[in-house]
Structure formats: structure tokens, C-alpha cells
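Below: one structure, written as C-alpha cells.
The values are calculated or read from the model by the stated rules, or taken from the named source; none is laboratory data. The structure presented is a predicted model; accordingly, all values stated were derived computationally and were not measured. Cβ coordinates were reconstructed from backbone atoms using ideal geometry, including for glycine residues, and neighbour counts include every protein chain displayed.
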Ligand SMILES: C[S@@+](CC[C@H](N)C(=O)[O-])C[C@H]1O[C@@H](n2cnc3c(N)ncnc32)[C@H](O)[C@@H]1O
């Protein structure tokens with residue numbers, strides 16, 4: 001997709017919705033902004049076909065998929081359409097309220113998730129892994145490890161470090177949504193920035209902070225969670241496939 005490299009999600013944002021607007025599933029809910037600053041209306045209309053195709057190519061037919069931080073179901077719905085059995089998890093009730101009936105939704109923080117089942121595929125996309133701090137990274141990956149089946153895979157999407165370091169301001173488009181992402185304020189490996197979403201005449205601004213996660217940091221975090229990296233799925237190094245060590 002053509003976010004500025006996936007400018008979609010950021011971590012630890014300070015929310016500053018400028019305008020919110022109803023887009024279906026209940027005006028109040030669609031006007032909402034998730035605790036991380038993601039506008040529901042944007043994630044309702046943004047297409048997810050490219051990411052879903054990348055994921056679909058990596059997983060078995062009719063896989064059970066756990067989509068962590070699923071938002072309004074941008075990817076979950078596409079995967080369900082491709083024949084997968086999808087459960088979506090999000091801390092935002094407003095996001096989960098947008099899920100179709102064929103995708104089970106769970107409202108909780110990923111770190112607290114403890115479902116009594118395991119999945120062929122666990123998705124940790126939208127750069128959630130770029131949270132600041134090892135402890136928080138570990139909590140996210142531990143949730144992945146708790147829910148992946150013995151022969152299953154965890155697919156993680158992060159900001160490619162080189163891309164991130166060189167980013168100043170970049171504008172891209174995904175469907176009807178124009179996204180401008182700017183990153184500044186580097187302090188060692190942590191950064192802060194801003195994403196501006198434009199949809200028609202509506203605008204939302206999301207401030208965020210995050211941490212660059214290079215291969216070494218990712219491998220350390222994966223190992224600590226009982227996982228190991230076994231493939232990189234794209235040239236940029238954004239998508240990584242991991243498997244349980246057990
Ligand atoms: C940028 S949106 C992306 C949604 C979806 N993955 C997509 O690509 O369309 C990020 C989502 O992750 C959710 N999220 C972020 N951190 C979370 C956490 N720790 N636990 C649960 N949900 C979280 C937010 O509420 C938001 O809906």
C-alpha cells in the first residue's frame with residue numbers, strides 16, 4: 001500500500017483529532033479515535049488489499065488468524081474474504097464495533113490477551129512493535145507467543161530502520177485517504193513525529209513516539225518471547241516472519 005511506507009500506525013501517540021466524522025457502524029463510534037490516536041473513520045475506508053495479499057501468500061489455506069490491533073477490520077475483513085477464520089483484537093471498542101459478523105472481535109489490550117486457543121497465524125502489524133522500551137516490546141511478543149500454534153507463524157510489521165532514519169516528511173495515499181507522515185526529534189533510537197490524515201474535507205492529526213527496531217533488537221525481543229525470526233518478507237525489511245522456538 002502507499003502510506004508513506006505504511007505511515008498508518010504509530011506508537012505512543014498523543015491524540016489530537018481535529019475533525020471526526022461518521023462513516024457507518026454508528027455515528028458516535030465512527031467519529032471516535034482509538035486510544036493510540038487512530039481515527040476510526042480513516043481505518044474504515046482505507047483499503048487493505050495489498051497487505052492482505054502479502055499475508056495470504058505466507059499462510060496456509062483456511063488458516064486461523066489472530067489479528068492483534070485489528071482496528072476497524074481493514075485487513076481482517078480481507079483475510080476473511082480470502083477464506084481465513086479471523087479473530088480481531090483491539091483495545092478500542094469503537095474499532096471493534098466496525099467488525100463484520102464473520103470476524104470475531106475481542107476488546108482488550110494485546111498485552112492482556114489470554115484466549116483459550118492458539119492460531120495458525122498471529123499478526124502484529126501496523127508497527128505496534130515500534131513501541132518504546134524492551135518491556136513493552138516483550139509484552140506484545142509474549143502475547144503473540146501465547147497464541148500461536150506449535151507449527152504456526154507470527155507476522156510482524158515494523159518500520160524499516162533505514163527508511164525511518166531518513167524520513168523527514170512524506171506524503172502518500174491509500175485509497176481515498178491522504179497521509180502525511182513526518183518524523184523528527186530523534187534521541188538515540190527513539191523518535192517522535194506526526195501523521196496527518198486527510199479524507200475529503202476532514203483532517204486528523206496524530207502525534208506519536210516510537211523506537212527504531214533493528215534486526216538485533218527484534219531478535220532479542222523475539223528470543224525473550226520464545227520466538228525466532230525465520231524470514232524477511234519484503235525487500236525493505238518491514239515484514240518479518242517468526243516461529244515458536246518450542
Ligand atoms: C493504526 S491502527 C491499524 C489497524 C489495523 N491493523 C489496520 O492496519 O488497519 C492501530 C490499531 O491498533 C490498536 N492498538 C494499538 N496498541 C494496542 C494495544 N496495545 N492493544 C490493543 N490494541 C492496540 C489501536 O486501537 C488501533 O485500532
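A few notes on this one:
- Among the strands (runs of 3 or more DSSP E) confined to the stretch 138-229, the ones with at least 2 residues that are farther than 26 Å from residue 110 by Cα and in contact with a strand residue (DSSP E or B) (Cβ under 6 Å, 6 or more places away or on another chain) are located at 169-174, 177-187, 190-199.
- Taken residue by residue, the stretch 121-130 has no member that is farther than 21 Å from residue 225 by Cα and assigned by TED's automatic domain parsing to the domain that holds residue 221.
- Within the stretch 204-217, restricting attention to residues that are out of contact with any helix residue (DSSP H, G or I) (no Cβ under 7 Å at 6 or more places or on another chain) and surrounded by 15 or more Cβ atoms within 10 Å (Cβ to Cβ), the residue that is nearest to residue 156 (Cα to Cα) is 217.
- The set of residues in the stretch 224-240 being crowded, with 16+ Cβ neighbours inside 10 Å and at pLDDT below 95 consists of 237 alone.
- For the residues 57, 63, the requirement of being over 13 Å from the mean Cα position of the chain (by Cα) and free of Cβ contacts under 8 Å to residues at least 12 places away in the same chain singles out 57.
- Top-ranked residue in the stretch 111-125 [being under 29 Å from residue 232 (Cβ atoms) and within 11 Å of the ligand (Cβ to nearest atom); ranked as surrounded by the fewest Cβ atoms within 10 Å (Cβ to Cβ)]: 111
- Qualifying residue in the stretch 149-156 (condition: more than 9 Å from the ligand (Cβ to nearest atom), assigned by TED's automatic domain parsing to the domain that holds residue 84 and closer than 19 Å to residue 209 by Cα): yes
- Exactly one residue out of 102, 85 is more than 11 Å from the ligand (Cβ to nearest atom) and in contact with a helix residue (DSSP H, G or I) (Cβ under 7 Å, 6 or more places away or on another chain): that is 102.
- Checked against the criterion of being in a loop (DSSP other than H, G, I, E, B), surrounded by 22 or more Cβ atoms within 10 Å (Cβ to Cβ) and on the phi > 0 side of the Ramachandran plot, the stretch 91-110 has no qualifying residue.
- Filter pass, residue 183 being closer than 29 Å to residue 46 by Cα, in contact with a helix residue (DSSP H, G or I) (Cβ under 8 Å, 6 or more places away or on another chain) and at pLDDT 95 or above: no
- Scanning the stretch 57-82 for residues that are under 17 Å from residue 103 (Cα atoms), more than 9 Å from the ligand (Cβ to nearest atom) and surrounded by 20 or more Cβ atoms within 10 Å (Cβ to Cβ) turns up 63, 65, 66, 77, 78, 79, 80.
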